[in-house]
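These notes concern the structure reproduced below.
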Number of protein chains: 2
Amino acid sequence: MKGKLYGIGTGPGDPELLTLKAINTIERCSVIAVPKSSGDGERVAYSIVEKYVIGKQLHECHFPMVRDLEERKKARLLAAEGLVKHLDDGKDVAFVTLGDPTTYSTYMYMHEIVVSQGYEAEIVPGITSFAASAAALGISLCEGDETLMIIPASQNERIEELLRQPGNKVIMKSGRDLAGVLEKLKELGYGDKTKVACEVSMENQQLYMSIDEYEKAPEGGYFTLVIVKEKD
Amino acid sequence: MKGKLYGIGTGPGDPELLTLKAINTIERCSVIAVPKSSGDGERVAYSIVEKYVIGKQLHECHFPMVRDLEERKKARLLAAEGLVKHLDDGKDVAFVTLGDPTTYSTYMYMHEIVVSQGYEAEIVPGITSFAASAAALGISLCEGDETLMIIPASQNERIEELLRQPGNKVIMKSGRDLAGVLEKLKELGYGDKTKVACEVSMENQQLYMSIDEYEKAPEGGYFTLVIVKEKD
C-alpha cells in the first residue's frame, strides 16, 4: 500500500499552539518532511515539533528563493519527487509548515503535485500568525459587519491602493519593507489604528499598540505582522 | 487575588482541532463560561470541550439576538457583570468560543469590558472555520501574491461590490442567504471557482467543489462557508 502525505500546520511558534490532530498525525508518520529555503523561517516549523519526531526519518525539501518562476516550479517538482519516493515505500510523510498550510505555505505546491499523481494527501490546519497576533495584542481581527483583508508582503507596490479599501487589514511578513508600509499608514491617518506584532508567540515576541510606540523602540525581524483596524 | 478571564478558541468542531494551550488553560480554570444566544452555534463550543470540564462550575452568558444595538450592549454589560463576580471570588474563568476568539466572536465584547474594569484577560487563539474548510477541501486560501478577504454574512447587501474586488474571498456563515450569494457568484463567472463547505470538521460535514456540484445535492445548515478563488 502507498503511503499518505500530510501537510501539518504547526501554528506560529509556541509548541503549546499545536493542535492534538497535528501531534497525533506526526506521531503516526514515519517520515518528517521539513521545507528548507534560503529564508530562515522554515527551520522554525521543525523546532516546534521537535519533541514529537524523535527516532523518525527526517527529509529536507529544498525550495530555493529565486525570482525565476520556472526555476521555482522545477524545484517544487524535484521536492515532490523526493516525497513520492517515501510514499511509494509505503511510508506516511508529515510535511510540517509554520502557521497554517492553506495560508501562504509552500506545502500546497507539494499537495497539488502529489494528488495530481494519484497519491492521497490530507491537510491538518494550524493557528495562523494573524490570529495569534491579534490574541497577543488583545484585539479582535474583525467583529460585526467588518471585513478583513489579508495582504502578503509581496503586494508592497499595491499597498496604498489596498489600504484605501474599506475593512480591517493584516499585512503579513512585512519585516523588510516595514518602514515604508508604516509611513504610508501614517499618511493615510492610521497611526493609532495600526498594531505591530513581531515574532509572535516566540521567546522574543514584541508587541506595539501604535506606530508611534513602534518607532520609539523598533525591533522585530522576519516574522513581523501589521494589523490595521478601521475603528480604534 | 482576583481571578483571570481567558477567551478560548475551540476550533471549528472536531475536538482534535483543540490546541494544547486551550486544553491546558481550561484544565487550570475552575469556571467554564459558555455563550448562549438564540442561535444554535454556541452550544457547539461547549460540546467540543466537554470532556475537559467535568466537575467544573458552568456559567452561561446570554446574548439575545436582537436587532437593537443598545439592547445588545446592555446584554453584554450584564453578561460581563456575571463573569466579574467569579473573578472577584478569585476564580479563573475560561470563556469558550467556537473557532477563534478574535474572528467574529462575542468573546471580544467580554474581553473589552472586563479589561476596561481593570481585570486581567488573555486570549487563546483557535483554528478558524475558513482554515479548516480550505484544509478539508484540499485547497489553499491564498498563495504567492494573492490577497484574501474575509466577509461576514451580514455584508450580504454589499456582497456584489465586495466580490468584484480583486483577491480570494471567504464568505462566513452564509447559510441563510446562500442561494442569493451563489446566484451572484455564477453571474460574475465564479461558478467553478466557488467551493462550499458545510459543518466543517463536524460529523455531518459536506464539501462541494463548485456551485453546480452544490446545486445537485444542496445541504448544510448554520455553519456554511463559501470560498471563492480568483484562479482555479
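The values are calculated or read from the model by the stated rules, or taken from the named source; none is laboratory data. Source: prediction; values computed, not measured. Every residue, glycine among them, receives a Cβ derived from its backbone with ideal geometry; neighbour counts consider all protein chains shown. All accessible areas refer to the heavy atoms of the entire protein, side chains included, with ligands and DNA or RNA removed. Shrake-Rupley method; radii C 1.70, N 1.55, O 1.52, S 1.80 Å.
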Threshold 50 Å² - residues in the stretch B:108-135 whose accessible area is reduced by that much or more when the chain is no longer isolated, probe 1.4 Å
B:PRO125, B:ILE127, B:ALA135
Run the label-point distances for B:SER210 please: 7 Å along Cα to Cβ, every other copy, nanometres, shortest first.
5.3
With every protein chain in place, the stretch B:166-232: carbon and sulfur % of accessible area (1.4 Å):
45
Shielding by partners - mean other protein chain Cβ count within 10 Å, residues of A:3-11
1
Listed residue pairs exceeding 19 Å between alpha carbons, taken from A:LYS36/B:LYS21; A:LYS21/B:LYS195; B:LYS4/B:LYS85:
A:LYS36/B:LYS21; A:LYS21/B:LYS195
Assume the label is 7 Å from Cα along Cα to beta carbon: what separations in nm does B:ILE54 have to the matching positions in the other copies?
2.9
Taking a temperature of 25 °C and a viscosity of 0.890 mPa s, what whole-number D in µm²/s does Stokes-Einstein yield for the stretch A:101-231 with Rh from Kirkwood over alpha carbon pairs?
156
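Using the Cα centre as the reference, give the magnitude of the dipole from point charges on the C-beta atoms of the protein assembly as shown (Lys, Arg: +1; Asp, Glu: -1; all else neutral), rounded to the nearest 20 debye.
400
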Accessible area per residue in Å² at 1.4 Å probe, computed on the protein assembly as shown:
43
Just A:PRO152, A:PRO12, A:PRO125 to compare: in a GNM of chain A, with alpha carbon springs under 10 Å, which one fluctuates most?
A:PRO152
Accessible-area order for A:LEU77, A:LEU148, largest to smallest, probe 1.4 angstrom, reads A:LEU77, A:LEU148
Protein heavy-atom accessible area occluded, B/A pair - total, 1.4 Å probe, Å²
3900
List the distances, in nm and shortest first, from the label point of A:ALA179 to the matching label points in every other copy, placing each point 7 Å from Cα along the Cα-to-Cβ direction.
5.8
Residues losing 40 Å² or more accessible surface upon assembly, the stretch B:13-28, compared with the chain by itself, 1.4 Å
B:GLU16, B:LEU17, B:THR19, B:LEU20, B:LYS21
What distance in nm separates the two pseudo spin-label positions at B:ARG43 and A:ARG43, each 7 Å out from Cα along the beta-carbon direction?
5.1
Rounded to whole Å, sorted largest first: equivalent-ellipsoid semi-axes of the stretch B:1-81, Cα gyration tensor:
24, 16, 10
About its Cα centre, how strong a charge dipole does the stretch B:1-147 have in debye, to the nearest 20, once Lys and Arg get +1 and Asp and Glu get -1 at the Cβ?
560
Spatially proximal aspartates and glutamates relative to A:LYS193 (Cα-Cα < 14 Å; intrachain offsets below 8 disregarded)
A:GLU183, A:ASP212, A:GLU213, A:GLU230, A:ASP232
Pick out, from A:PRO64, A:GLY11, A:THR147, the residue whose Cα sits farthest towards the positive end of the charge dipole of chain A, with +1 on the Cβ of Lys and Arg and -1 on the Cβ of Asp and Glu.
A:PRO64
Positive-end residue, chain A charge dipole about Cα centroid, Cβ charges, pick of A:ILE123, A:LEU87, A:VAL200
A:LEU87
